[in-house]
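First up is the structure itself, then whatever we jot down about it.
Just so it is clear, none of the values below were taken in a lab; they were calculated from the coordinates. Remember, predicted model here, so these are calculated numbers, not experimental data. FYI the Cβ positions are ideal-geometry reconstructions off the backbone, even for glycines, and counts take in every protein chain you see.
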Amino acid sequence: MKIGVLALQGDFDAHRRRLDELGTEVVLVKKPEQLDEIEGLVIPGGESGTFLKLLGDTGFEKLKQFVRLKPTFGTCAGAILLASEIENPQQKGLGAIDMRIRRNAYGRQINSSIREGKLLESSLHDKATLPLEMVFIRAPKIERLGANVEVIATEGADPVAVRQGKTMAATFHPELSEDPRVHQAFLRLVRNGKE
Ligand code: GLN
């Protein structure tokens, strides 16, 4: 199973290491044509506005096509890119997950924090709900979810990891915790797509 990590900007290397530890073949994706060789893609954290600039219109359209066809997992800025509606400020999204997401939603004091949330029993995690460490860095908040979106993890009352079809998003950074369960859930989504 060959998985790509979008390597234009941000913390792509931590995702590469985690996927590597899980025994996956990983490709750092820097050029649009590399999307043709992979079975799934991780869009890392970083700055979503900068991603849009670096992608340009052509890169954005190519990425949009990929996301429609293949499993994709976005964390933090990656989750913002995958959303259908983005605010604070408004910007365009790939529309793969029917949700409204608010950038930098936690305010200055709690800009970054490590909190304990819950990994729910779901289509991607069949064990009972369990605690999960979550690293938030200038994180967005999901403010509205469409009816077809499944919640994978919560922090307090907030959904913080979700799935719609073959697309998954997390507002935190699972690649920065020791726990591999969120990436395992994504690999399961990729495998499900192959079956
Ligand atoms: N604040 C960033 C944005 O709005 C996301 C932060 C992150 O990816 N850690 O795009």
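With the dipole of the range 78-119 worked out from charges on the C-beta (+1 for Lys and Arg, -1 for Asp and Glu) around the Cα centre, which of ASN88, GLY78, TYR106 lies farthest toward the positive end?
Checking the options against the dipole of the range 78-119, the answer is TYR106.
Might you report the magnitude of the Cβ-based charge dipole of the range 21-83 about its Cα centre, with Lys and Arg at +1 and Asp and Glu at -1, to the nearest 20 debye? If you can, show how the numbers build up before the last one.
Numbers: 7 positive and 9 negative charges, 49 e Å.
With Lys and Arg at +1 and Asp and Glu at -1, about 240 debye.
What is the sum of charges around GLY56, taking Lys and Arg as +1, Asp and Glu as -1, for the other residues whose C-beta is under 14 Å from the C-beta of GLY56? Each step should come with its number before you reach the end.
Values: positive: LYS30, LYS31, LYS53, LYS62, LYS64, LYS92; negative: ASP57, GLU61.
Here the charged neighbours net out to +4.
Where nothing but the Cβ of Lys and Arg (+1) and of Asp and Glu (-1) is charged, how large is the charge dipole of the chain around its Cα centre, in debye to the nearest 20? Walk me through the intermediate numbers first.
Details: 28 positive and 27 negative charges, 76 e Å.
Computed about the Cα centre, the dipole is about 360 debye.
Express the relative contact order of the range 19-130 as a whole percentage, based on alpha carbon pairs under 8 Å and six or more residues apart in sequence. Mind dumping the intermediate values first?
Numbers: 123 pairs, mean separation 19.5, N = 112.
Relative contact order comes out at 17 percent.
Once the other residues with Cβ under 13 Å from the Cβ of ASP36 are scored (Lys, Arg +1; Asp, Glu -1), what is the net sum?
On the way: positive: LYS2, LYS31, LYS62, LYS70; negative: GLU33, GLU37, GLU39.
Net charge in that neighbourhood comes out at +1.
Kindly rank 166-179, 122-135 from highest to lowest mean number of other beta carbons found within 10 Å of each residue. Write down the numbers at each step before the final one.
Numbers: 166-179: 22.5, 122-135: 15.4.
Output ranking for 166-179, 122-135: 166-179, 122-135.
Under unit Cβ charges (Lys, Arg +1; Asp, Glu -1), what dipole magnitude, rounded to 20 debye, does the range 103-162 have relative to its Cα centre? Don't skip to the answer; put the middle values down first.
Values: 8 positive and 8 negative charges, 74 e Å.
Dipole size: approximately 360 debye.
Taking a 19 Å limit on the Cα-Cα distance, which of the listed pairs LYS64/LYS118; LYS53/LYS92; LYS70/LYS141; LYS64/LYS92; LYS92/LYS141 fall beyond it? Mind dumping the intermediate values first?
Details: LYS64/LYS118 30 Å; LYS53/LYS92 11 Å; LYS70/LYS141 25 Å; LYS64/LYS92 12 Å; LYS92/LYS141 16 Å.
Table pairs above 19 Å Cα-Cα are LYS64/LYS118; LYS70/LYS141.
Around CYS76, which amide H atoms from residues at least 5 apart in sequence, or from another chain, sit under 5 Å from its own amide H, with H modelled in the peptide plane?
ALA170, THR171, PHE172
Which one of GLY46, GLY156, GLY59 has the biggest mean-square fluctuation once the chain is modelled by GNM with Cα springs under 10 Å?
Looking only at GLY46, GLY156, GLY59, the biggest GNM fluctuation is shown by GLY156.
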